[in-house]
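Here's the structure we're looking at; comments come further down.
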Amino acid sequence: MKDLHTLTIDEVHAGYRNGDFTCTDLVRHLLNRIEKYNPKLNIFLRLNPEVLDQAARIDREIKEKGINRPLLGIPFAIKDNFLTVGIETTASSNILKGFMPQYESSVTQKLLDAGAIFLGKTNMDSFAHGSSTETSDFGPTLNPWNIEYLPGGSSGGSAAAIAAGLATAALGSETAGSIRQPAAWCGVTGFKPTYGRAGRYGCIAMASSTDSPGPIARSVYDCAKILEVIAGQDKFDATTSPKPTDKYSACSGQGSLAGMKIGLIKEYLLPEMRDDVKKLIYDSADKLSSLGAQVEEVSLMDPKYSIGVYTVIQRSEVSSNLARFDGIRFGHERDRFNDENKRRIMLGTYTLSAGYYDAYYKKALAVRTKIINEFADLYKSYDALIGAVSPGPALKVGASKDQPMFGEMQDMLLEASSVAGLTSASVPCGFVDGLPIGLQITCDQFQEMKALSIAHCFQKNTDFVKFPDLNSL
Amino acid sequence: MKYTPLIGLEVHVELNTLSKMFCSCPADHFGKEPNTQTCPVCLGLPGALPVPNKKAIENCIKIGLSLNCTINKLSKFDRKQYFYPDLSKGYQISQYDQPFCSDGFVVLESGKKIRIERVHQEEDTGKLQHTILNGKKVSLVDFNRSGVPLVEIVSRPDMESSGEAKEYLKKIHGLIRALGVSSADMEKGQMRLEPTVNVKIEDDHGIHYTPLVEIKNINSFNFAVQAIEYEVKRQLDEFSRTAIEKSATNKTTRGYDSVKKTTFLQRTKEEAKDYRYFPEPDIPPFALNDTYIDELRNTLPLLPDQIIAALIAEGVEPKYAKVLCDNKDSYIAYNHNKEKEGIDRAKLASLIANKKIDIGKDIPAQYQKLTQSGITDRQMLEKVVAQILAENPSVVADYKKGKTGVLGFFVGQAMKNTNGQANPQIISKLFLDLLSGS
């Protein structure tokens, strides 16, 4: 039998059904691994104190009623910006240290309703300000593939938890790259839904106009199963769409890509990109084409423009969203904001100030509209657009130091799709220097089914999902 | 030298919706135990999001419609950012450049139009309580009011006297109450007033404008009048000493001291806040269509001006029409009895307006008693009537043939025989009784 920590959702359910192991067995196994590896990797900030009791309850439910809920007994790692009742929630910031949520976030509530069990909360860049986990007030997470390297971020803890086999599935959130980039750097699958497809209520806001909760898991199919649970209108989030959701797990029915037209974004093969990374992207394009898709090179606005647009919009919203941490409530003074938090608050305050608003925020909104229109035009002809997730493989620990634009540079291939609110999968597509590389498959708004189907078909016909050897740790 | 005060008014009205503007907490906060009507949204907890209250927005639009505003097809909320301990999110959700309603007007009695610049929707803040706890001076925050729907009505500086300002305010107050969207109880802070005042001075050297002054949070019409009058005098005095004229940078904010009846400086423009408005990303913009706006228009009740016009058309004297319109119970009593037999509408309206009739008791009976005049002695009048009938048998015969118009002849005779002293209503009734009986 496969190791318990490598199993997918369906494999776990099969094990429960066959009586091979119980939820308690699986949770204990993962807790043991967490105990062993977490001190080195710094993935979990804290564990759910009730997890074993909850596992016992789930075992009784399985015994009595069988597996009647889609995620019953699936152990999740939850990014620390989702409010979870009974588990301290800090968004990796000291200013929220000791904060016990008064309510459950909409998506974690949906996971719980579907039978999921939470192992604990994972590390992230503080308030999601970064793409490395290095801005976390609780130290960086290390990449399970090589602990000299970063896992990416901001959902770095959730991605690393999957890579290291410390959880079966994970919840992340993406503002611009925060699911897809750490998934790529850790060699796992991440999925960013359309903005407004999954509710943000109870997810500590970074940039409200692009924040999107989404899954990080062992496979595209697992991501689809999780999305099936968390997608849909949230009555507490006015920006969620009333559009009906699809049965996303049906993406596994995609046998070939015949009839699909896929655009390979030329500008995303950056001049400074390593040839071996570029080759993996071209190979992926060939693979998709061999699966029946018609793949062509397409042209998109230079990614440098979306860096500017995204930075202005995101910093502006951050400066506003963090105003509630005013030092009067939540127990701690504002001096607990770290340098990156302060940099973002200051820049955002500046771009919204009288006399500068028109030059920065308003102009950024105008270019954002241009980006949206550009994508809309392309999606008239193409089912999906592909490119590298990140300019290269994971960078070394310390790489973000003294780099105030580190995140924006690492996410330069993801920002345009985020400001346009698109849906996108990040799937492993090979390795360079023993570090994973990710391919993004990006579709138009609310085309989750299409993105998942293409990504699943690609994953089923490739062999890039691997497990790092942790024995050397 | 000639001078003219220029007065604009900002009026805040707390709506009486069941729930708050962006969450489902009760909106009625007056006298409630502190912090018992709160939730993650109005407390501004991490991750909480606003979901707009449809009813509140409809009420805001109704206010706009009743003020003759244009309802904007595209509208949105914005964040108005400032720090204050009673502001839970560090920003207030308000409307900046695309309010729900703009460009309306109110017509004063004189026929003068006061232009309305905008009517927009926002949320109220919490409340600070400065008190002593265990011998220590403390400031406590009560978030029960946080997120209560607030509508702001902004006029142009079209009023030229405190009298006009008061009339405008009373009109707005009457309108809000007629719409039923707020009790607009000033003592409970459900309606708050902020006049902006300056003075136009014409002298030998030309026309001068004194610097703008905004007077904050006044909660009675009379205080508004007093504050405006004080401020006009103060500004004239200041101008005569300094000759400082209005500029883009010298607007100040003053408070009103209702005990000393004076205004006092609170803030100069240099200290003015930059609210860093930007579109609220948590609430999608609104696209309103004509059908929806017309539907709302159709739900509007009769408004004070319309009620007064209708009363005057029925023959009620304008001054009484106004009194009836201002007092809902009187207006209902009038409407309920105006069609009854033997009642003259103008007379009824004047009796009710002058409080000659107790509207809590039998209104027709009081009316009859108050309107009876002349000889009311039944026995004496019966004799007069019987005599007239006996003296005019041919006319009685005409009546019996159906010529009921002759009743007027009989009444005329009776009035003549009593030197005009008989009560015509009683006589008519007696004639009818005797004619039908004999």
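The values are calculated or read from the model by the stated rules, or taken from the named source; none is laboratory data. None of these values were measured; they are calculated from a predicted model. Because the Cβ atoms are built from the backbone with ideal geometry, glycine has one as well, and the counts that use them run over all protein chains shown.
For this structure, a couple of remarks:
- Selection within region A:340-362: residues that are more than 10 Å from chain B (Cβ to nearest Cβ) and free of Cβ contacts under 8 Å to residues at least 60 places away in the same chain. The member of this set that is surrounded by the fewest Cβ atoms within 10 Å (Cβ to Cβ) is A:D358.
- Qualifying strands (runs of 3 or more DSSP E) (wholly inside region B:167-231; at least 2 residues being crowded, with 20+ Cβ neighbours inside 10 Å and touching an Asp or Glu at 6+ places or on another chain (Cβ under 9 Å)): B:191-203, B:213-215
- Single unsatisfied condition, A:V397 versus (1) surrounded by fewer than 23 Cβ atoms within 10 Å (Cβ to Cβ); (2) within 24 Å of the chain's Cα centre (by Cα); (3) over 19 Å from A:G152 (Cβ atoms): (3)
- Residue ID - nearest to the chain's Cα centre (by Cα), chosen from residues in region B:25-60 that are more than 7 Å from chain A (Cβ to nearest Cβ) and among the β-branched types (V, I, T): B:I57
- The residues in region B:381-405 that are at pLDDT below 85 and crowded, with 17+ Cβ neighbours inside 10 Å can be counted, and the count is 1.
- Matching residues, region B:408-429, being under 12 Å from B:I388 (Cα atoms), under 50 Å from the mean Cα position of the chain (by Cα) and buried (at least 16 other Cβ atoms within 10 Å of the Cβ): B:V411, B:M415, B:I427
- The strands (runs of 3 or more DSSP E) falling completely within region A:14-127 that include 1 or more residues that are under 27 Å from A:Q233 (Cα atoms), more than 14 Å from chain B (Cβ to nearest Cβ) and polar (S, T, N, Q) map to A:117-122.
- Out of B:P157, B:P85, B:P99, sole residue that is under 13 Å from B:L9 (Cβ atoms) and outside any strand (DSSP E or B): B:P157
- Looking across A:T245, A:T210, one residue alone is within 14 Å of another protein chain (Cβ to nearest Cβ), in a loop (DSSP other than H, G, I, E, B) and at negative phi. It is A:T210.
- The residues of region A:248-266 that are buried (at least 16 other Cβ atoms within 10 Å of the Cβ) and either modelled with pLDDT of 95 or more or assigned to a helix (DSSP H, G or I) (or both), listed by number, are A:Y248, A:S249, A:C251, A:S252, A:L257, A:M260, A:I262, A:G263, A:L264, A:I265.
- Every pair of residues 6+ apart whose Cβ atoms lie under 8 Å, when the first sits in region B:92-115 and is without any contact (Cβ under 8 Å) to a residue 60 or more places away in the chain while the second is aliphatic (A, V, I, L, M) and exposed (fewer than 15 other Cβ atoms within 10 Å of the Cβ): B:K113/B:V107; B:I114/B:V107
- Residue satisfying all of: in region A:159-176; in contact (Cβ under 8 Å) with a residue 60 or more places away in the chain and under 8 Å from the mean Cα position of the chain (by Cα); nearest to A:L31 (Cα to Cα) among these: A:L171
- Flag for A:D326 being within 13 Å of chain B (Cβ to nearest Cβ), among the charged types (D, E, K, R) and surrounded by fewer than 21 Cβ atoms within 10 Å (Cβ to Cβ): yes
- Pairing each residue of region A:220-236 that is within 14 Å of chain B (Cβ to nearest Cβ) with any residue that is in a helix (DSSP H, G or I) and of a type outside the set (A, V, I, L, M, F, W, C), provided the two are 6+ apart or on different chains, yields C-beta distances under 7 Å for A:D234/A:S106; A:F236/A:S106.
Residue-wise test of (1) in a strand (DSSP E or B); (2) β-branched (V, I, T).
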residue: A:A416; (1), (2): no, no
residue: A:S426; (1), (2): yes, no
residue: A:F431; (1), (2): yes, no
residue: A:I437; (1), (2): yes, yes
residue: A:L452; (1), (2): no, no
residue: A:D463; (1), (2): no, no
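- B:I93 modelled with pLDDT of 95 or more and in a strand (DSSP E or B): yes
- Residues being charged (D, E, K, R) and within 11 Å of chain B (Cβ to nearest Cβ) - total across region A:329-339: 2
- Among the residues here, B:V323 does not qualify as out of contact with any strand residue (DSSP E or B) (no Cβ under 6 Å at 6 or more places or on another chain), buried (at least 16 other Cβ atoms within 10 Å of the Cβ), not polar (S, T, N, Q) and not assigned by TED's automatic domain parsing to the domain that holds B:Q306.
- Qualifying residue in region B:119-126 (condition: surrounded by fewer than 22 Cβ atoms within 10 Å (Cβ to Cβ), among the polar types (S, T, N, Q) and under 26 Å from the mean Cα position of the chain (by Cα)): yes
Conditions (1) of a type in the set (A, V, I, L, M, F, W, C); (2) surrounded by 19 or more Cβ atoms within 10 Å (Cβ to Cβ), marked per residue:
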{"site": "B:K76", "(1), (2)": "no, no"}
{"site": "B:Q81", "(1), (2)": "no, yes"}
{"site": "B:Q129", "(1), (2)": "no, no"}
{"site": "B:I132", "(1), (2)": "yes, no"}
{"site": "B:V148", "(1), (2)": "yes, yes"}
{"site": "B:V151", "(1), (2)": "yes, yes"}
{"site": "B:S162", "(1), (2)": "no, yes"}
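- Region B:19-32, residues that are without any contact (Cβ under 8 Å) to a residue 40 or more places away in the chain, out of contact with any strand residue (DSSP E or B) (no Cβ under 7 Å at 6 or more places or on another chain) and not polar (S, T, N, Q): B:D28, B:G31
- Hey, A:G202 crowded, with 24+ Cβ neighbours inside 10 Å, on the phi > 0 side of the Ramachandran plot and touching a strand residue (DSSP E or B) at 6+ places or on another chain (Cβ under 7 Å) or not: yes
- Subset of region B:254-275 [part of a strand (DSSP E or B) and either modelled with pLDDT of 90 or more or of a type outside the set (K, R) (or both)]: B:R254, B:G255, B:Y256, B:D257, B:T262, B:T263, B:F264, B:L265, B:Q266, B:T268
- Number of residues in region B:266-314 that are aromatic (F, W, Y) and either more than 11 Å from chain A (Cβ to nearest Cβ) or more than 28 Å from B:K216 (Cβ to Cβ) (or both): the value is 2.
- Selection status of A:I313, crowded, with 16+ Cβ neighbours inside 10 Å, within 13 Å of chain B (Cβ to nearest Cβ) and under 29 Å from A:G392 (Cβ atoms): yes
Okay, residues lined up against (1) at pLDDT 90 or above; (2) loosely packed, with under 13 Cβ neighbours inside 10 Å; (3) under 30 Å from B:F431 (Cα atoms):
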| site | (1), (2), (3) |
| --- | --- |
| B:I283 | yes, no, no |
| B:L311 | yes, no, no |
| B:A346 | no, no, yes |
| B:I352 | yes, no, no |
| B:I357 | no, no, yes |
| B:A365 | no, yes, yes |
| B:Q379 | no, yes, yes |
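- Region A:114-139, residues that are more than 12 Å from A:I43 (Cα to Cα), in contact with a strand residue (DSSP E or B) (Cβ under 6 Å, 6 or more places away or on another chain) and surrounded by 24 or more Cβ atoms within 10 Å (Cβ to Cβ): A:A116, A:I117
- Only one of the listed residues (B:T17, B:T4) is of a type in the set (S, T, N, Q) and buried (at least 16 other Cβ atoms within 10 Å of the Cβ). That residue is B:T17.
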